[in-house]
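All of the numbers you see were taken from the coordinates with simple rules; none came from a lab. Fair warning: this is a prediction, and the values are worked out from it, not measured in the lab. Here the Cβ positions follow ideal geometry from the backbone for every residue, glycine too, while neighbour counts run over all protein chains shown.
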Amino acid sequence: MTSTAKNGPAVVVDADALERVGVALADGTRRRMLLALLEGPAFPAELADRLGLTRGNVSNHLACLRGCGLVTATPDGRRVRYRLADPRLAHALADLASLVLVVANENTPLCSDEAVCSDDTVCADEAVCADDTGRRPRTGQQTTPAAEPPPSPAVSP
């Protein structure tokens, strides 16, 4: 997708990549992990200790971040070291974190994961994270709650 800024050059934006970044940043734990990886590569156990998370939780979120294309995994002996996938991501995260977003008033609710996952458990896109645990739905798994059957018509005696 190409967009032209007012008084500026045309900018090419990959909407799918932007969506993956949005999904990754939609979860607080994943944001904390990305910020920790700004300091340099780390093993999952190190991230778990540093962030006060379980190793299983860290593993699930790292799988999500890998699936979104934001981190890479490099085998190091019997362990795997994770790092940001692209050095430009560090700069982009720093730029995003320094933005001051305008909010209409204090009563405006903050954005939440509900904007990404309509049913709070499974995202519509199976290629990205399914819920805050980083699990993905199985292929063919229903991604929205089943609709309740319509009420039976009233029958008069």
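A few points about this structure:
- Placed amide H near Val71: partners under 5 Å, 5+ positions off or other chain: Arg66, Ala85
- Mean Cα-pair separation over length for segment 18-71, i.e. relative contact order, pairs under 8 Å, 6 or more apart, %: 42 percent
- Distance between modelled label sites at Val13 and Ala94, nm, 7 Å Cα→Cβ extension: 2.4 nm
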